[in-house]
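The values are calculated or read from the model by the stated rules, or taken from the named source; none is laboratory data. The structure displayed is predicted, hence computed values, not measured ones. In this analysis, Cβ positions are derived from the backbone assuming ideal geometry, glycine residues included, and neighbour counts consider all displayed protein chains.
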Amino acid sequence: MSELALPVAISFDAFTSLGFWISVGIFAGTFTIFTLGLQLNVGYTGIFNFGQAGFMAIGAYSMAILVTDKGMNFWVSLPIAILITMGFGLIVGLPSLRLRADYLAITTIAASEAIRLTALNARDLTGGAQGIFGFGDSWDEVADSIEGWLEWLGWSNPDNLAPLLIVVWGVALLLTLTLSKAQRTPWGRVLRAVREDEDAARALGKNAFAYKLQSLMIAAALGAIAGFFLAVNLAFVVPDSFGPTFTFLGYAVLVLGGLTSYWGVAVGAIILQTVLEGLRFLELPISEVKVSALRFVILGLVLIGLMAFRPQGMFGKREEMVIGD
Amino acid sequence: MEAGTLAPGEDASPTERLRDFGRKRPALVALGVLATIVLVLIAWKGLHSVAQRGLIGLSTGSIYALGAVGLTLVYGILKLTNFAHGDFLAFGAYMAYLMSVTWELPLLLGIAFAMVMTALLGVVLEKGMWGPMRARGAGILQLILMSIGLALVIRYGIQYFWGTELRNLDVNKTDTVELLGLRIGRTQGIVILVGFITLLGTGVMLRYSLLGKRMRALSDDLDLAETTGIDTSRVILWTWVFAGAFAGLAGVLYGATTQLQPEMGFELLLPIFAAVVVGGIGDAFGALAGGILLGVVVEWSTLFIDAGWKSAVGFIVLILVLVIRPQGIFGKARAL
Amino acid sequence: MTDAARREPIFEAQGVIKRFGGIAAVDGASMSIDQGSITALIGPNGAGKTTFFNVITGFYKPDRGTATFGGEAVLGRPPYVLARMGMVRTFQITKALSAMPVVDNMMLAAPDQPGEKLRNLITQPGAVRRREAEVHEQAMELLDVFNLAKLAEHYAGTLSGGQRKLLELARALMTRPRLLLLDEPMAGINPTLGRRLLDHMQRLRAEDNVTFLFVEHDMEVVMGHSDRVVVMAQGRVIADGTPDEVRSDQGVIDAYLGGGA
């Protein structure tokens, strides 16, 4: 029930098709934005946020509902949806951020599942299992313009997913840059202190709780933005896209790239997405379902292996791997 | 805030005393709240409905309880938040399927097989993964992520071998049994019976047997227990044997009353976590009570909400407990 | 500062009670600390000193009692508020933040940093930069005083135990405290380092009028370096006076030798 909903547009005999790899690239970009939030929370504040998929859902659904149900302009709906998601971040964070690390993990998963459950059952609002579609017109217009520029730049007949690839990565890189810089500020320093030892931070006059809340709300906003890209990519929002498996994949990206490396997130996302999708094309004498299952078995093994043998991932710093509990 | 304003010698206000009472006798308070809820429900929906749903709830609750006992002991002793525990239940269910449907052996053998295999799984993982990681001083995030990786491996391993179709254990799901004017599926009745006997036996074992006492001692304070000369590594292994065996049993029972599918593990994980939290982490008796309580409450909720929202009730209970009394009904008020 | 002003109480606690379960770890403790003084809090094991310490620094919630710092009510308020008011504590097991460089540890502690608020990063980048530079300079100066300057860029986790203790003290001083509460500052460090710490304390008291309260077991340190000694036993203050007065107090002797009852 919580499998990833993948775009129907992928065709299996298109291994060398540019369109396929552009699609992979879009997912990688979406994952990057999604996981940047996790990095801020886990790598830099010490908050085990396992509900990021829930925030993604709130962002995507809020946008979809505002556009299709309330007739709002797509571009106006985006910042409003972000604010709504940050509001949820506040609601989830207020009671749970004072709990210890493992309780927070359970609570955030529960919150995320509660959100998915609501999306599934509140049919009047969310369309239930069928979901919502038809919010992408404004984006399509922009995509057409971008395609026009690409042609003008010399790419004859660009793939119609190319604009989304460019935009998602533009946003991803911008966010990575911003977070990187923010980390080197006094604000970032307080977060790092909270990450290791809240009591030490408090004894030095820092309101640790407020900082944790800020961190969670920013991650929620990042989740919402990832949700927008997912929604536009699939052209629909359904509850199945926002299961905990998505969060677990985000964590895999996180640990692969390395806790405490924002730029590592992008690298981890690209590698993971490439490996997972590339597996489709192995000439194995087994059915599609089995290949699909195998991908996640490998993911699980990767997670276990990394944690056992190289917890700092590719670009993480071993000295900063102290997440207090 | 009383603290800054009460001078020494002043008497506590009634609200202060009430809150103190709540803190010292949480079980009584919980019982009181539960009794109130039951009375309100009976007044609203009638004794028959409440009792009927309650009976079904006992069946689900026994399954939660069996899962929760194992999880809470592992949690309490090893400080391991085992996100793969739900998949242990799924593993057990599929092992039973293998033996009794694929190999067409009696279901009773299937159940035994499930329990043995899941216990074995627990032990192998302890020796091969958890033990070595603990020895290396692995941090809590590492362990959580490893358990998630493990959950993925088990769940999708099951999917690899058995696919995503729903499967059924060879049990009669339609026969019903009547008890005091209440109807319940025969299988569910058996689940309640099996569940209660096992839980009772577990309770007795934990309370009176040497191993049980040692397990509870380790769960209470591992370092202290080590200094008293208890062979902690053996107790830990036995803990995994129990956790695995009960998880396997719970999985089979769950599969018997519903159906088998690879996601069943995760579906069960959160209610089991809720039961553990409600009862107090590391408190085995609490987990038993928490599981039954949760099963019953979730079933009662169907009296006035759509069945699709059932899981939400579990979450609400979990969140409420974590907000109001994070140490659970039976847990001690440790600084969290 | 005149002698009279020095001797005014900067901190007063009255009737503090803290229960765990049914037992009162602190059972009505009262004390008063004069500005610019060095006060030691001693007592046999289980006397409630650490609990009292944690209560007045905001890490435990009290059940009863009042306390004022510089005239303002402080009991029950969160630790970060107290720290900002100038009541700063250190920890028995040092909390030097090992995942950060030494200089970051120091700069973290400086008060009034606009850069710590997200909003200011966008609206006042100049002010943020200026204060950062200031704080960095102060941090390096202070590190120099404690002979830690050459370790500034090293991760605090690589420091020795004694160096971490010094770092924690230096870091506490970055906050410009008025009252510094030290939790067993001498624990686990060699005598030479201990003497240096005590010298720093005396100097800070003389030059900056910092007030000290420390919990300690080392009687030599207590008797030789404090102005006042407060003795706790079974959750209450049983003696409060100069080292000599306390040393010869029968109640104190009984508490240490007798125990129980």
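Do any helices (runs of 4 or more DSSP H) entirely within the stretch A:63-151 hold 2 or more residues that are under 23 Å from the mean Cα position of the chain (by Cα), and if so, which?
A:74-96, A:101-121
Of everything in the stretch C:108-139, what is within 15 Å of C:Ala172 (Cα to Cα) and buried (at least 22 other Cβ atoms within 10 Å of the Cβ)? Give them in sequence order.
Matches in the stretch C:108-139: C:Leu108, C:Ala109, C:Ala110, C:Val135, C:Ala139.
Enumerate the strands (runs of 3 or more DSSP E) found wholly within the stretch C:184-261, keeping only those where 1 or more residues are among the charged types (D, E, K, R) and in the same structural domain as C:Gly70 (by TED's automatic domain parsing).
Of the strands (runs of 3 or more DSSP E) lying wholly inside the stretch C:184-261, those with at least 1 residues that are among the charged types (D, E, K, R) and in the same structural domain as C:Gly70 (by TED's automatic domain parsing) span C:228-233, C:236-241.
Identify, from the list B:Ala256, B:Ala312, the residue that is more than 14 Å from every other protein chain (Cβ to nearest Cβ) and more than 16 Å from the chain's Cα centre (by Cα).
B:Ala256
Mind counting the residues in the stretch B:258-300 that are under 26 Å from B:Ile158 (Cβ atoms) and in contact (Cβ under 8 Å) with a residue 40 or more places away in the chain?
Counting residues in the stretch B:258-300 that are under 26 Å from B:Ile158 (Cβ atoms) and in contact (Cβ under 8 Å) with a residue 40 or more places away in the chain gives 23.
Among the residues of the stretch C:64-84, which ones are surrounded by fewer than 24 Cβ atoms within 10 Å (Cβ to Cβ) and touching a Leu at 6+ places or on another chain (Cβ under 9 Å)?
Across the stretch C:64-84, the qualifying residues are C:Thr66, C:Thr68, C:Phe69, C:Gly70, C:Val74, C:Tyr80.
Scan the stretch A:298-313 residue by residue and report those that are more than 16 Å from A:Val253 (Cβ to Cβ) and either within 21 Å of the chain's Cα centre (by Cα) or more than 8 Å from chain B (Cβ to nearest Cβ) (or both).
A:Phe309 - this is the single residue of the stretch A:298-313 that is more than 16 Å from A:Val253 (Cβ to Cβ) and either within 21 Å of the chain's Cα centre (by Cα) or more than 8 Å from chain B (Cβ to nearest Cβ) (or both).
Within the stretch A:119-152, restricting attention to residues that are in contact (Cβ under 8 Å) with a residue 40 or more places away in the chain and of a type in the set (A, V, I, L, M, F, W, C), which residue is nearest to A:Ser77 (Cα to Cα)?
Of everything passing the filter in the stretch A:119-152, A:Phe135 is nearest to A:Ser77 (Cα to Cα).
Is it the case, given these coordinates, that B:Leu141 is under 24 Å from the mean Cα position of the chain (by Cα) and not in a helix (DSSP H, G or I)?
no
Output the residue which, of all residues in the stretch B:266-301 that are within 13 Å of chain A (Cβ to nearest Cβ) and not in a helix (DSSP H, G or I), is modelled with the lowest pLDDT.
By that ranking, first place goes to B:Gly282.
Only residues that are of a type in the set (A, V, I, L, M, F, W, C) and away from chain B (no Cβ under 13 Å): list them for the stretch A:237-269, please.
Residues satisfying the conditions are A:Val237, A:Val238, A:Phe242, A:Trp263, A:Val265, A:Ala266, A:Val267, A:Ala269.
Kindly indicate whether any position in the stretch B:68-85 is basic (Lys, Arg) and under 20 Å from the mean Cα position of the chain (by Cα).
Checked the stretch B:68-85: at least one residue is basic (Lys, Arg) and under 20 Å from the mean Cα position of the chain (by Cα).
Restricting the search to the stretch C:50-102, which residues are more than 9 Å from chain A (Cβ to nearest Cβ), small (Gly, Ala, Ser) and in contact (Cβ under 8 Å) with a residue 24 or more places away in the chain?
Residues satisfying the conditions are C:Gly65, C:Ala67, C:Gly70, C:Gly86.
Would the stretch C:141-162 turn up any residue that is at the interface with chain A (Cβ under 8 Å from one of its Cβ atoms) and touching a strand residue (DSSP E or B) at 6+ places or on another chain (Cβ under 8 Å)?
Looking for residues that are at the interface with chain A (Cβ under 8 Å from one of its Cβ atoms) and touching a strand residue (DSSP E or B) at 6+ places or on another chain (Cβ under 8 Å), one finds at least one in the stretch C:141-162, hence yes.
For the stretch A:176-184, state whether one or more residues are polar (S, T, N, Q), within 14 Å of chain C (Cβ to nearest Cβ) and touching a residue at least 40 places away in the same chain (Cβ under 8 Å).
Looking through the stretch A:176-184, at least one residue is polar (S, T, N, Q), within 14 Å of chain C (Cβ to nearest Cβ) and touching a residue at least 40 places away in the same chain (Cβ under 8 Å).
Check the stretch B:186-208 and report whether any residue there is of a type in the set (D, E, K, R), out of contact with any helix residue (DSSP H, G or I) (no Cβ under 7 Å at 6 or more places or on another chain) and more than 14 Å from chain A (Cβ to nearest Cβ).
Checked against the condition, which is being of a type in the set (D, E, K, R), out of contact with any helix residue (DSSP H, G or I) (no Cβ under 7 Å at 6 or more places or on another chain) and more than 14 Å from chain A (Cβ to nearest Cβ), the stretch B:186-208 yields at least one hit.
Which one of these is at pLDDT below 95, within 21 Å of A:Ser62 (Cα to Cα) and among the β-branched types (Val, Ile, Thr): A:Ile132, A:Ile146, A:Ile166?
Answer to the check: A:Ile132.
Checking A:Leu161 against (1) out of contact with any Phe, Trp or Tyr (no Cβ under 7 Å at 6 or more places or on another chain); (2) within 30 Å of C:Arg119 (Cβ to Cβ), only one condition comes out false. Which one?
Of everything listed in (1) out of contact with any Phe, Trp or Tyr (no Cβ under 7 Å at 6 or more places or on another chain); (2) within 30 Å of C:Arg119 (Cβ to Cβ), A:Leu161 misses just condition (2).
Hey, among B:Leu120, B:Leu150, which residue is within 12 Å of chain A (Cβ to nearest Cβ), part of a helix (DSSP H, G or I) and among the hydrophobic types (A, V, I, L, M, F, W, C)?
After ruling out the rest, the residue left standing is B:Leu150.
Going by the conditions given, is C:Ala127 over 29 Å from C:Ile33 (Cα atoms) and assigned to a helix (DSSP H, G or I)?
Yes: the conditions hold for C:Ala127.
Looking only at residues that are crowded, with 24+ Cβ neighbours inside 10 Å and of a type in the set (A, V, I, L, M) in the stretch B:269-280, which one is nearest to B:Ile329 (Cα to Cα)?
B:Val278
So which residues in the stretch A:77-136 are touching a Lys or Arg at 6+ places or on another chain (Cβ under 9 Å) and surrounded by fewer than 16 Cβ atoms within 10 Å (Cβ to Cβ), if there are any at all?
Scanning the stretch A:77-136 gives A:Ala129, A:Gln130.
Working carefully through the options C:Ala133, C:Ala156, find the one that is in contact with a helix residue (DSSP H, G or I) (Cβ under 8 Å, 6 or more places away or on another chain) and either at pLDDT below 90 or not polar (S, T, N, Q) (or both).
C:Ala156
Among B:Leu169, B:Leu200, which is surrounded by fewer than 17 Cβ atoms within 10 Å (Cβ to Cβ) and of a type outside the set (Ser, Thr, Tyr)?
Exactly one of B:Leu169, B:Leu200 is surrounded by fewer than 17 Cβ atoms within 10 Å (Cβ to Cβ) and of a type outside the set (Ser, Thr, Tyr), namely B:Leu200.
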